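Worksheet: one structure, shown below.
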Amino acid sequence: MTTAPAPVRARLAAACRAVTEARLFSLAVLAVILLNAALLGAETYHGFAADHMGQLRWAERGCLAFFTVEMLLRVAAHADRPREFWLDGWNVFDLVVVASAYIPLVRENATVLRLLRLVRVLRTARFLPQLRVLFLAVSRSLPGTVSFLFVGAVILYVYAMIGWLCFGSSDPAHYGSLGRAMLTLFLLMTLEGLQDAVYTGLSISRLSILYYGSYVMLASFVLVNVLIGVVLNSLDEARELDTAALDDARRSTSDGDPGARTSVVNLPAPDPAVLAERIAGMRQALDTLEQSLTAQPPAANGRDRVTTAV
């Protein structure tokens with residue numbers, strides 16, 4: 001069993017994969033991402049940016065060159081299995097962000113270019129497992145969040161109409177129209193100004209306590225707890241998906257490593273003369289063993305001698 005020679009593409013992918021999967025490489029990429037964020041923040045101080053414009057431009061170009069080399073290494077790491085590169089959402093995201101900086105229209109627009117540089121900060125999630133799980137949990141919770149927003153909008157609309165009917169004429173500043181009533185109730189959802197709203201409602205009618213009490217219980221407690229439950233459930237699913245994705249990546253890496261695969265090499269056929277000589281030597285050894293066993297006396301327990309015939 002000997003190791004089969006790996007193709008050039010497989011050897012290149014294995015070498016680049018060893019670099020991209022190294023912890024030092026990940027730390028270096030994370031450090032450059034944070035440096036890019038610091039440079040972007042430094043440009044907001046006009047005096048500092050004007051005094052160090054040249055240094056900031058060279059530092060930004062250095063970050064872009066580093067990210068370009070990083071993407072080339074990641075693409076080369078999937079040279080033996082390019083389809084898996086596009087199946088990874090983080091690879092596609094990183095490639096789009098880095099490649100957009102080379103598009104002429106984008107490079108000429110300072111605002112769009114700064115937004116793209118700002119998006120690079122989101123790449124930190126790739127190197128921080130907990131942050132990556134949180135991003136995945138947010139994306140998984142979007143369907144449940146949309147349903148929550150729809151239910152919340154319905155409750156807000158119903159209570160706004162009731163508030164307009166009951167308090168529209170007495171408190172037009174807060175319930176004079178449907179839009180004002182919905183804005184007031186939306187602010188009350190955070191319990192901000194609830195005390196003043198309750199006292200104002202009590203001055204109009206003592207039954208208003210039922211209106212505000214039911215709204216606060218339903219909008220501020222029940223719906224918020226439902227949203228928390230949706231997010232926590234999505235967080236558990238995100239942890240399971242992230243763990244499964246890491247296991248699949250490790251398994252595919254070990255299966256795709258050409259250095260780990262071996263192949264059987266066909267051995268040359270032995271020389272017939274050498275094979276006959278070996279057989280003759282084995283027969284002679286067996287004859288000698290038979291003669292030595294025959295010369296020995298019978299065993300004390302009366303068992304028959306064992307003779308070997310060839």
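The values are calculated or read from the model by the stated rules, or taken from the named source; none is laboratory data. In this text the structure is predicted, and so the values were computed from the model without any measurement. All Cβ positions, glycine included, derive from the backbone under ideal geometry; neighbour counts span all protein chains shown. These accessible areas exclude ligands, DNA and RNA; they are computed on the full protein's heavy atoms, side chains included. Shrake-Rupley method; radii C 1.70, N 1.55, O 1.52, S 1.80 Å.
If you scan region 178-214, which residues turn out to be β-branched (Val, Ile, Thr) and either open to solvent by less than 50 Å² (accessible area, probe 1.4 Å) or assigned to a helix (DSSP H, G or I) (or both)?
Within region 178-214, 184, 198, 200, 204, 209 qualify.
Among the residues of region 172-224, what is the count of those that are touching a residue at least 40 places away in the same chain (Cβ under 8 Å) and under 17 Å from residue 150 (Cα atoms)?
Selection size over region 172-224: 4.
Could you tell me how many of the residues in region 151-177 are of a type in the set (Ser, Thr, Tyr), part of a helix (DSSP H, G or I) and open to solvent by 70 Å² or more (accessible area, probe 1.4 Å)?
1
Kindly indicate which of 38, 14 is in contact with a Gly (Cβ under 8 Å, 6 or more places away or on another chain) and either open to solvent by 50 Å² or more (accessible area, probe 1.4 Å) or not in a loop (DSSP other than H, G, I, E, B) (or both).
Residue meeting the stated conditions: 14.
What's the total number of residues in region 101-135 that are touching a Lys or Arg at 6+ places or on another chain (Cβ under 9 Å) and small (Gly, Ala, Ser)?
Number of matching residues: 2.
Restricting attention to region 53-83, report how many residues are open to solvent by 70 Å² or more (accessible area, probe 1.4 Å) and over 15 Å from residue 117 (Cα atoms).
Selection size over region 53-83: 6.
Inside region 60-94, can you point out the residues that are part of a helix (DSSP H, G or I) and in contact with a His (Cβ under 9 Å, 6 or more places away or on another chain)?
Listed by number, the residues that qualify are 84, 85, 86, 91.
With the requirement that a residue be open to solvent by less than 20 Å² (accessible area, probe 1.4 Å) and either more than 14 Å from residue 120 (Cβ to Cβ) or within 18 Å of the chain's Cα centre (by Cα) (or both), what does region 90-107 give you?
Hits for region 90-107 are 91, 94, 97.
Please go through region 95-150 and give me each residue that is at pLDDT 80 or above and not in a helix (DSSP H, G or I), ordered by number.
Once the filter is applied, which keeps residues that are at pLDDT 80 or above and not in a helix (DSSP H, G or I), region 95-150 yields 101, 102, 103.
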